[in-house]
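Visitor: Dumping the structure here so I can ask a few things about it.
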Amino acid sequence: MLPRLSPLLRTLYSPFPSPVQMARFFSRATSLPRFNPSPTAVISSIHSSSSLFFTSKSNRFLVPWLSKRSTFGKKFHALCGEGDGRRILRQIGGRVWAAQRGYRKVRRRPLPRIKDKELELNVSICIEEELPDDPEILSIAELLRLNVPMAMKLAFDGLKDSAYKTRDKAISDVGGFKSVELSVLLCNDEFIRKLNKEWRDEDHATDVLSMSQHVPELKLPVLMLGDIVISVETAARQAEERGHALIDEIRILLVHGLLHLLGFDHEISEEAEAEMEKEEELLLKSLGWKGKGLIQSAYDAETNMNLQTENLDDRKKEGSLRFYKPKFSYIFCDMDGTLLNSKSQISLTNAKALKEAVSRGMKVVIATGKARPAVISILEMVDLAGKDGIISEFSPGVFLQGLLVYGRQGREIFRSNLDPSVCREACLYSWEHKVPLIAFSNDRCLTLFDHPLVDSLHTIYREPKAEIMPSVEHLLSAADIQKMIFLGTAEGVATSLRPYWSEATGDRANVVQAVPDMLEIVPRGTSKGSGVELLLDHLGVTAKEIMAIGDGENDIEMLELASLGIALSNGSEKTKAVADIIGGSNDEDGVADAIYRYAF
């Protein structure tokens with residue numbers, strides 16, 4: 001694994017971060033080996049000290065970085081594209097100032113003494129803290145240690161006899177400097193979007209940004225070339241659209257950013273655009289790198305007129321979670337009215353979001369009024385059940401409104417049974433009034449007579465098929481009962497069943513509702529929230545580590561307990577009133593939206 005070394009960076013919120021606040025690092029910084037001359041790159045006159053840096057955790061994104069001087073004027077370029085190849089190419093005028101800052105000394109391997117004068121290239125490849133340790137990104141960072149100095153050398157060689165009319169010649173011959181410093185930062189869309197908002201007053205992500213640190217008037221012996229910021233998240237989308245690998249796209253963005261720092265600017269005129277496009281293609285070809293220049297790629301890409309609107313949204317895109325670290329360890333998610341739509345089905349979009357969250361290290365726990373077999377049956381349809389899914393007979397979960405809780409390896413850690421006197425009264429009421437009733441006993445469902453609504457609990461809600469008992473006495477003696485559900489219409493439940501049973505149960509039981517056309521009778525003093533709390537204690541997880549998503553009144557305690565409680569917009573008013581956030585509806589993939597927007 002590559003080391004993470006944190007330079008002391010200037011944050012935007014905390015102007016004087018301490019080393020303890022800023023640093024999470026390992027002490028290794030190696031110099032880049034010198035290259036042998038090749039037909040495409042002759043690097044005999046330059047040596048490079050190339051290091052990998054990884055910015056440390058902070059409550060704000062960090063910019064600018066890696067300058068070892070105190071205060072420099074900066075010019076910011078917004079370079080090509082907002083993810084779809086559209087030609088949004090802009091130079092931002094004005095100056096951006098960096099406050100004074102200190103840096104850790106980096107131990108480097110001593111370079112061999114060279115008799116002739118050499119130009120030292122100091123290249124820092126940085127990975128923003130919020131990017132996870134993705135193997136592909138770490139591999140690309142290592143490659144850039146070699147690639148960036150090569151690109152710099154060839155770009156410098158092109159400056160000596162440059163005939164370009166539009167290039168800013170503030171940097172004309174690097175031979176007059178003792179060394180050149182450049183940093184390249186790999187980040188995600190959220191980070192680069194914040195940079196755009198702060199420095200350019202544009203609230204969207206771009207693929208690459210360039211910040212110049214060169215001030216000719218200071219006559220320094222060191223060429224502070226500047227910083228190139230690349231969003232690997234946008235680069236990955238563009239690579240897929242353009243049919244090449246991520247490393248190829250990042251190299252294209254690198255070349256584009258480097259040329260901006262050397263004075264090329266395609267925004268000032270058509271001639272300047274043509275000159276920069278030509279130099280991009282020449283440099284890529286000379287380096288033997290794949291792909292067209294970014295300007296030509298922007299011309300070739302299909303325009304997506306909706307992209308900027310999407311970029312204004314906080315929601316991350318499907319497939320992009322690999323570029324973010326989870327904010328929580330666990331997601332506790334309800335089923336009916338939340339993960340399931342109004343047809344009691346889980347959408348492919350919700351399923352993909354859950355799979356992506358799990359693949360990024362988050363654990364998903366189901367907390368539902370359903371029995372465990374029902375949940376397994378539903379999630380099997382979208383490959384989310386079993387060993388590699390989010391539910392199985394060997395996974396933790398909260399079922400039957402917290403009356404059955406399973407812990408590690410799926411072992412039962414809590415069970416609560418309904419008062420037998422309440423069970424008897426409910427059965428007699430069902431039999432006398434012919435109101436369908438289901439008694440839940442562990443993984444079984446029991447009833448007194450057949451009814452279409454009883455069948456629907458199995459065919460639609462996937463609960464275990466109800467066993468018809470010949471009498472009330474047979475049902476009561478068959479097994480311990482955890483809860484009972486009366487089935488009816490939404491109106492009938494609201495106007496008749498709920499008022500009656502709220503009074504009839506007294507202090508012996510509680511009545512709750514997960515869906516409008518069902519009334520549940522559960523043991524007093526128990527709830528889904530208490531089941532979740534019990535499971536957290538069992539797992540050794542704090543409430544601060546969880547995000548919860550629900551919709552019904554039975555989810556209120558769970559949402560209040562979680563660090564972030566999200567109620568879907570189709571939920572009850574009482575539930576939405578206690579939630580931290582109101583998300584989309586269950587028919588609009590509300591769970592997926594919550595994961596992409598808030599979990600990472």
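Visitor: Can you give me the number of residues within the stretch 461-483 that are out of contact with any strand residue (DSSP E or B) (no Cβ under 8 Å at 6 or more places or on another chain) and part of a helix (DSSP H, G or I)?
Guide: 5
Visitor: For GLY175, only one of the following conditions fails: (1) among the small types (Gly, Ala, Ser); (2) more than 16 Å from PHE323 (Cβ to Cβ); (3) modelled with pLDDT of 90 or more; (4) assigned to a helix (DSSP H, G or I). What is its number?
Guide: (3)
Visitor: Any residue at all in the stretch 186-197 that is surrounded by fewer than 20 Cβ atoms within 10 Å (Cβ to Cβ), modelled with pLDDT under 90 and assigned to a helix (DSSP H, G or I)?
Guide: no
Visitor: Somewhere in the stretch 434-447, is a residue farther than 19 Å from LEU519 by Cβ, in contact with a Ser or Thr (Cβ under 7 Å, 6 or more places away or on another chain), charged (D, E, K, R) and open to solvent by 10 Å² or more (accessible area, probe 1.4 Å)?
Guide: There is no residue in the stretch 434-447 that is farther than 19 Å from LEU519 by Cβ, in contact with a Ser or Thr (Cβ under 7 Å, 6 or more places away or on another chain), charged (D, E, K, R) and open to solvent by 10 Å² or more (accessible area, probe 1.4 Å).
Visitor: May I ask you to verify whether ALA543 is open to solvent by 60 Å² or more (accessible area, probe 1.4 Å), hydrophobic (A, V, I, L, M, F, W, C) and either more than 23 Å from GLY397 (Cβ to Cβ) or in contact (Cβ under 8 Å) with a residue 12 or more places away in the chain (or both)? Reasoning before the result, please.
Guide: Numbers: open to solvent by 60 Å² or more (accessible area, probe 1.4 Å): no; hydrophobic (A, V, I, L, M, F, W, C): yes; either more than 23 Å from GLY397 (Cβ to Cβ) or in contact (Cβ under 8 Å) with a residue 12 or more places away in the chain (or both): yes.
In short, no.
Visitor: If you go through the stretch 329-345 one residue at a time, how many are surrounded by 21 or more Cβ atoms within 10 Å (Cβ to Cβ) and either of a type in the set (Phe, Trp, Tyr) or not in a helix (DSSP H, G or I) (or both)?
Guide: Matching residues across the stretch 329-345 total 6.
Visitor: Now for a different question. I'm trying to understand the selection: among the residues of the stretch 582-600, which are β-branched (Val, Ile, Thr) and assigned to a strand (DSSP E or B)?
Guide: ILE582, the sole residue that qualifies.
Visitor: GLU557 is checked against (1) in contact with a strand residue (DSSP E or B) (Cβ under 9 Å, 6 or more places away or on another chain); (2) assigned to a helix (DSSP H, G or I); (3) at pLDDT 95 or above and fails just one. What number does that condition carry?
Guide: Just one mismatch for GLU557, condition (1).
Visitor: If you scan the stretch 266-287, which residues turn out to be in a helix (DSSP H, G or I), in contact (Cβ under 8 Å) with a residue 12 or more places away in the chain and not acidic (Asp, Glu)? Show your work before the answer.
Guide: The initial filter retains those residues of the stretch 266-287 that are in a helix (DSSP H, G or I), namely 270-287.
The next check asks that each one be in contact (Cβ under 8 Å) with a residue 12 or more places away in the chain; those that pass are 271-273, 275-277, 279-284, 286-287.
Across the stretch 266-287, the qualifying residues are ALA272, MET276, LEU282, LEU283, LEU284, SER286, LEU287.
Visitor: Restricting attention to the stretch 434-460, report how many residues are outside any strand (DSSP E or B), within 21 Å of ASN510 (Cβ to Cβ) and of a type outside the set (Val, Ile, Thr).
Guide: Final tally of qualifying residues: 3.
Visitor: Pull out all pairs, ordered by first then second residue, where Cβ-Cβ is under 6 Å, the residues are six or more apart or on different chains, the first lies in the stretch 581-597 and is closer than 14 Å to ASP334 by Cβ, and the second is of a type in the set (D, E, K, R).
Guide: GLY583/ASP593
Visitor: Where residues in the stretch 424-433 are of a type outside the set (D, E, K, R) and closer than 13 Å to MET484 by Cα, which of them is most open to solvent (accessible area, probe 1.4 Å)?
Guide: My answer is LEU428.
Visitor: Considering only residues of the stretch 364-420 that are open to solvent by 50 Å² or more (accessible area, probe 1.4 Å) and of a type in the set (Lys, Arg), which is farthest from the chain's Cα centre (by Cα)?
Guide: By that ranking, first place goes to ARG415.
Visitor: While we're on this one: Could you tell me which numbered condition GLN213 fails, if it satisfies all but one of (1) surrounded by 21 or more Cβ atoms within 10 Å (Cβ to Cβ); (2) within 25 Å of SER297 (Cα to Cα)?
Guide: Looking at each condition in turn, GLN213 falls short on (2).
The values are calculated or read from the model by the stated rules, or taken from the named source; none is laboratory data. These figures come from a predicted structure and were not determined experimentally. We place every Cβ from the backbone using ideal geometry, glycine too, and count neighbours over all the protein chains shown. For the accessible areas, the whole protein counts, side chains as well, though only heavy atoms, and no ligand, DNA or RNA atoms are used. Shrake-Rupley method; radii C 1.70, N 1.55, O 1.52, S 1.80 Å.
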